[in-house]
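Below: the structure, in structure tokens.
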Amino acid sequence: MNREELKNLADEHSRHLEGFTHHILVCAGLGCPDNEAIIAGLRRVVAEQHLDKQVLVRKAGCMGLCALGPIVLIQPGEITYHNVHPGDAEEIVAALGKEPVPRLLLSEDLPFFTRQYKNVLALSGRIDPESIEDYIAAGGYGSLLGVLTTMRPADVIRTVQESGLRGRGGAGYPTGLKWATVAKALGEKKFIICNGDEGDPGAFMDRSILESTPHAVLEGMIIAAYAVGANRGYIYVRAEYPLAVKRLQRAIHEAERKNLLGHAICGTSFDLTLQLRLGAGAFVCGEETALIASVEGRRGSPRPRPPYPAGKGLWGCPTLINNVETYANIAPIIRCGAEWFASIGTEQSKGTKVFALTGKIHNAGLVEVPMGMPLREIIFEIGGGIPDGHTFKGVQTGGPSGGCIPEEFLDAPVSYESLSALGSIMGSGGMIVIDETSSMIDVVKYFMEFCMEESCGKCAPCRTGTVQIHRLLTRFQERQATADDLAMLEELCDLLKSASLCGLGQSAPNPVLSSLRYFRQEYLDRMIPADTPGEANS
Amino acid sequence: MPALPSPPPPTDDTRWQLVDRVMQRLDYQPSALIETLHAAQDAFGFLDKTTLGYIAARLHLPPAKVFGVVTFYNHFTLQPKGEHTLAVCTGTACHLKGKDRVLSWMKERYHLVPGETTADNKLSLVEVRCVGACALAPVMLTDNTPIGKKTFEEATTIIKEWLGDES
Amino acid sequence: MSDTILTLTIDGQPVSGLATETILQIARENKIDIPTLCYLEGLSAVGSCRLCMVEIEGSPKLHPACVTLIQEGMVVTTQTERLQGYRRNIVQLLFAERNHVCSVCVSNGHCELQELAHKLGVDHIAFPGCYPELEVDASHRRFVLDHNRCVLCTRCVRVCAEIEGAHTWDVKNRGMRSRIVADLDTPWGDSATCTGCGKCVHVCPTGALSEKGKSVAEMLKKRPSLPYLVANRTEERQ
């Protein structure tokens, strides 16, 4: 396939789509149950009324507002229906071109829609994730063709460096720098890996991106592989995400058939084969050296770094590992330019970020905002605030590796630097809202239990320390803690942070430390008063 | 190096072909282990020692290494599961929104705790890590189908149906 | 590159070494003691016990001496109060993890964990013991594996895989449930791969692996000269 063929294919498919007067897009993500029945119902009604030539019913990716799902989008008109049931099909079809069904209609002016900035999610919910033609008609693979025909690898790397993109997996390492390091590393064989092992409980950005626009991730990977000189790659996806796996498999197959992957891609001398690898249930495999071990078929235990994977990764070869969302940012950066990307966001955090809003919040779902937006705007305007008359207590970012930010800091902008100054981390994008009904100790203990269960067991501080911290938190929960317990808790947190081998152990104390910083009173309230030591044994 | 002998499948069960196919596709490399274990578990429902021994021999891996890998990952199971499975998501949103309710109900009514199967082998109760459908929290999966939002009533109805519990 | 001689400072002492050498190697050459547990000369270094963590000037993080290569002009400190505090806590955590009752242990008096505790001044365990109920595998004709004394240093796993080439041992499960395992969770005595060489027993730092028939404090370990074995083997192969 060359640029002209790609353009022809895009034009042809656009013409086909434009031949319909109405498009009914049904969210077919994991978050919208019953979507198959809704699609079948709509198709049946359309067929019964002989509207096949005018109305196209399609499955689409996630539209973000999962709390009100299943969501159906009608084009033209940008009419969004919520809480749709298969039985609503007739009404929806009957309303096409007329007044929308008021019962199901969501206002276009909801801050949930108007305040977002969709870049990575721009095509999510707008195209059929299982159709490569849909992606191409929307401009997909145009960046790749442009790169292959007009840019040298060094140009691509410079563009990514100038964009200021930082890794979306959590740590925020500059993506361009990582690419440049892998490109310079000596080695005949180089590998590229996509980290889709989204293990942070309460985060589903990567699942949604893979389910909604798998080709966008592939396009980013192919460009990256070209830039660093890798000819083989792996996409590591959690086994818990069967739909994402299925759609990726299909996307790889379709891309291969269109010569966008495989041997001599688009008639150039560039080869790349991509394979899927299924995770098997281990949070630690999100750590890059553990992920590499897992791809190699071994226990997912991290190893000390250096050497970094950029120099010595998969089978000892230079390896580029980026997260799903990072790759999904690449094609837009190439298409719209580094300056465009760098113009969004803050000084040190450029671009947009996808967040999974969950917990005690009205509009639970997936949102994308420019970096630098205040947390308050995300939670109270886009997210619609706290339901059932409850009050906001804190928002946990970064999951088990992050921290909980209280009300007083809600005006802080979301960026790598400000979240870390607040004792939390950006993380991969999970945002869990907690209301006054939850005890911080309970939340923190939940995360510590998670880390204890997910610790690989290799290094002594993490394996043994998480057990002891969990035990201490239980004492607080049961109101049996003493001042010594509090001191020991802080000492152990410091040990794990400083001495653990990998990021899991080093960041496991973060929820505890952040709650000690902002919700210390909850700990103090649960201690045995110093003057009544006898209660310890009661 | 002389080629090591490759054993035939332990039985003439045709499901071994599914396992063999994966190993062949990945050229019998040691790195094929996890993919092969996935295939074997998909084929047989669980991984017993015969299966592990066969895979170890076929991929020329030390048995201890295979056992280490199998037990490292949550997804793999050495025990057969019941006819039906209720999986309770343990993600953060599900934790905050009361996943414990259905677990206590299961314990009270059927004396079943996560990881166990009913005596009649009808139902296994398992906990799973975040499935990423957090907006539906608390999330449960009945035979891999997620149900959400009104979960508790839905789940208990399905379970009662499975177990023929008419009360 | 590899024959470049670098100079650095460890605990104020100017020292030198090759670019391929680690901080631990150079420290030991110069009689500077850095505590270790999982490290054993001749085996691959895994950096898992975290006792050999040292401070390097200009770096906010701590670095495991056993896997950190030296660099020109490096200024290393190995004995600060902070480091000793971490080491004491790690040793205590290991004691609390399993059932380490020195007074009835075959390795009493010859145990590396016990020596570390002595050296670091650990005279009591601040953390409550976990007291897991663990098995003792006495199925082997000559040896015993007592999980109660195991610190998961994986020296046995490495010596068996890397030196003996049998790979009888590995680690099963993960986190606090990690256990040393033979073959497919096979009783040691029934293992099809074990050659009975006993190297694992002699590299084990504690009383987890011992010879049968030894009573309290009787298990003296003869560390096989692994560097010698490795050197000879490499020669043979050439």
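Brief remarks follow.
- Index of the failed condition, A:Ile382 passing every other in (1) surrounded by 18 or more Cβ atoms within 10 Å (Cβ to Cβ); (2) in contact with an Asp or Glu (Cβ under 7 Å, 6 or more places away or on another chain): (2)
- If only residues of segment A:252-291 that are more than 25 Å from the chain's Cα centre (by Cα) and of a type in the set (S, T, N, Q) are counted, the one that is farthest from the other protein chains (Cβ to nearest Cβ) is A:Thr268.
- Lone qualifier among A:Pro387, A:Pro400 - being closer than 28 Å to A:Ser124 by Cα, within 14 Å of chain C (Cβ to nearest Cβ) and in contact (Cβ under 8 Å) with a residue 24 or more places away in the chain: A:Pro400
- Members of segment B:94-149 that are within 14 Å of chain A (Cβ to nearest Cβ), in contact (Cβ under 8 Å) with a residue 40 or more places away in the chain, surrounded by fewer than 20 Cβ atoms within 10 Å (Cβ to Cβ) and not in a strand (DSSP E or B): B:Gly98, B:Asp143, B:Asn144
- Candidates in segment A:130-175 are the residues that are farther than 30 Å from A:Thr397 by Cα and basic (Lys, Arg); of these, the one that is farthest from the chain's Cα centre (by Cα) is A:Arg152.
- Any chance C:Gly213 is at pLDDT 95 or above and among the small types (Gly, Ala, Ser): no
- Counted residues, segment B:65-89 - those being over 10 Å from the mean Cα position of the chain (by Cα) and at the interface with chain A (Cβ under 7 Å from one of its Cβ atoms): 4
- If the condition is being crowded, with 17+ Cβ neighbours inside 10 Å, over 13 Å from C:Arg141 (Cβ atoms) and either within 14 Å of chain A (Cβ to nearest Cβ) or among the small types (Gly, Ala, Ser) (or both), then segment C:186-203 contributes no residue at all.
- Single unsatisfied condition, A:Ala230 versus (1) assigned to a loop (DSSP other than H, G, I, E, B); (2) within 14 Å of chain B (Cβ to nearest Cβ): (2)
A quick yes/no check of all residues on (1) within 13 Å of another protein chain (Cβ to nearest Cβ); (2) free of Cβ contacts under 8 Å to residues at least 60 places away in the same chain; (3) part of a helix (DSSP H, G or I):
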position	(1), (2), (3)
A:Ala293	yes, yes, yes
A:Arg305	yes, yes, no
A:Asn322	no, no, no
A:Ile330	no, no, yes
A:Trp340	no, yes, yes
A:Ile361	yes, no, no
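- Criterion (in contact with a Phe, Trp or Tyr (Cβ under 8 Å, 6 or more places away or on another chain) and assigned by TED's automatic domain parsing to the domain that holds C:Ala96) met by exactly one of C:His140, C:His167: C:His140
- For segment C:141-181, the set of residues classified as among the β-branched types (Val, Ile, Thr), under 15 Å from C:Lys221 (Cβ atoms) and surrounded by fewer than 23 Cβ atoms within 10 Å (Cβ to Cβ) consists of C:Val144 only.
- With respect to the conditions (1) aliphatic (A, V, I, L, M); (2) farther than 21 Å from C:Lys222 by Cα; (3) surrounded by 21 or more Cβ atoms within 10 Å (Cβ to Cβ); (4) in contact (Cβ under 8 Å) with a residue 24 or more places away in the chain, C:Leu113 falls short on a single one, namely (2).
- The residue of segment C:77-94 that is nearest to the other protein chains (Cβ to nearest Cβ), among those that are part of a helix (DSSP H, G or I) and of a type in the set (S, T, N, Q), is C:Asn89.
- So A:Ser143, is it within 14 Å of another protein chain (Cβ to nearest Cβ), among the hydroxyl-bearing types (Ser, Thr, Tyr) and part of a helix (DSSP H, G or I): no
- Qualifying residue in segment A:56-74 (condition: under 27 Å from A:Ser107 (Cα atoms), more than 21 Å from the chain's Cα centre (by Cα), surrounded by fewer than 17 Cβ atoms within 10 Å (Cβ to Cβ) and not small (Gly, Ala, Ser)): no
- Among the residues of segment B:32-64, the one identified as touching a strand residue (DSSP E or B) at 6+ places or on another chain (Cβ under 8 Å), closer than 18 Å to A:Leu278 by Cα and either more than 10 Å from chain A (Cβ to nearest Cβ) or aliphatic (A, V, I, L, M) (or both) is B:Ile34.
- Restricting segment A:248-286 to residues that are part of a helix (DSSP H, G or I) and aliphatic (A, V, I, L, M), the residue that is surrounded by the most Cβ atoms within 10 Å (Cβ to Cβ) is A:Val284.
- Within segment A:439-483, the set of residues being in a loop (DSSP other than H, G, I, E, B), more than 10 Å from every other protein chain (Cβ to nearest Cβ) and on the phi < 0 side of the Ramachandran plot comprises A:Ser439, A:Glu478, A:Gln480, A:Thr482.
The values are calculated or read from the model by the stated rules, or taken from the named source; none is laboratory data. No experiment lies behind these values; they were computed from the predicted model shown. Heads up, the Cβs are rebuilt from the backbone with ideal geometry, glycines too, and the neighbour counts pull from every protein chain shown.
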